[in-house]
1. Just to be sure, is residue 30 without any contact (Cβ under 8 Å) to a residue 24 or more places away in the chain, surrounded by 15 or more Cβ atoms within 10 Å (Cβ to Cβ) and in contact with a helix residue (DSSP H, G or I) (Cβ under 7 Å, 6 or more places away or on another chain)?
2. Does residue 4 satisfy being in a helix (DSSP H, G or I), under 10 Å from the mean Cα position of the chain (by Cα) and in contact (Cβ under 8 Å) with a residue 40 or more places away in the chain?
3. Checking residue 19 against (1) under 11 Å from the mean Cα position of the chain (by Cα); (2) not in a loop (DSSP other than H, G, I, E, B), which test does it fail?
4. Restricting attention to segment 43-71, and to residues there that are within 15 Å of residue 5 (Cβ to Cβ) and out of contact with any strand residue (DSSP E or B) (no Cβ under 7 Å at 6 or more places or on another chain), which single residue is surrounded by the most Cβ atoms within 10 Å (Cβ to Cβ)?
5. Please go through segment 7-27 and give me each residue that is farther than 24 Å from residue 71 by Cβ and free of Cβ contacts under 8 Å to residues at least 24 places away in the same chain, ordered by number.
6. With out of contact with any helix residue (DSSP H, G or I) (no Cβ under 8 Å at 6 or more places or on another chain), in a loop (DSSP other than H, G, I, E, B) and surrounded by 12 or more Cβ atoms within 10 Å (Cβ to Cβ) as the only criterion, which of 40, 10 stands out?
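Please treat every number below as a calculation from the coordinates, not as lab data. Predicted model only: the values in this text are computed from it and were never measured. Cβ atoms come from the backbone with ideal geometry, glycine included; neighbour counts cover every protein chain shown.
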């Protein structure tokens, strides 16, 4: 399963998720917000429109890592992604 991970190499949660998914042999496309402004701009557009980010924004969070699965599923929950891989 191909998984797009949107996050930052500076974020411990993103690094943890990347390592877990790579260890499970997932096909990972990493969008590093700290390294590419194009990816940051695209992420901000998603963050402003996806209902999944409402709680994150109200708590002052960034909302990374964010996962997009090949079937279009979008989630902030690594465990949900890991369950789909099992």
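1. Details: without any contact (Cβ under 8 Å) to a residue 24 or more places away in the chain: no; surrounded by 15 or more Cβ atoms within 10 Å (Cβ to Cβ): yes; in contact with a helix residue (DSSP H, G or I) (Cβ under 7 Å, 6 or more places away or on another chain): yes.
No.
2. Details: in a helix (DSSP H, G or I): no; under 10 Å from the mean Cα position of the chain (by Cα): yes; in contact (Cβ under 8 Å) with a residue 40 or more places away in the chain: yes.
No, not satisfied.
3. (1)
4. Selected residue: 63.
5. Residues of segment 7-27 that are farther than 24 Å from residue 71 by Cβ, as a first pass: 8-12, 15.
Scanning segment 7-27 gives 12, 15.
6. Working: 40 fails: in a loop (DSSP other than H, G, I, E, B).
Among 40, 10, only 10 is out of contact with any helix residue (DSSP H, G or I) (no Cβ under 8 Å at 6 or more places or on another chain), in a loop (DSSP other than H, G, I, E, B) and surrounded by 12 or more Cβ atoms within 10 Å (Cβ to Cβ).
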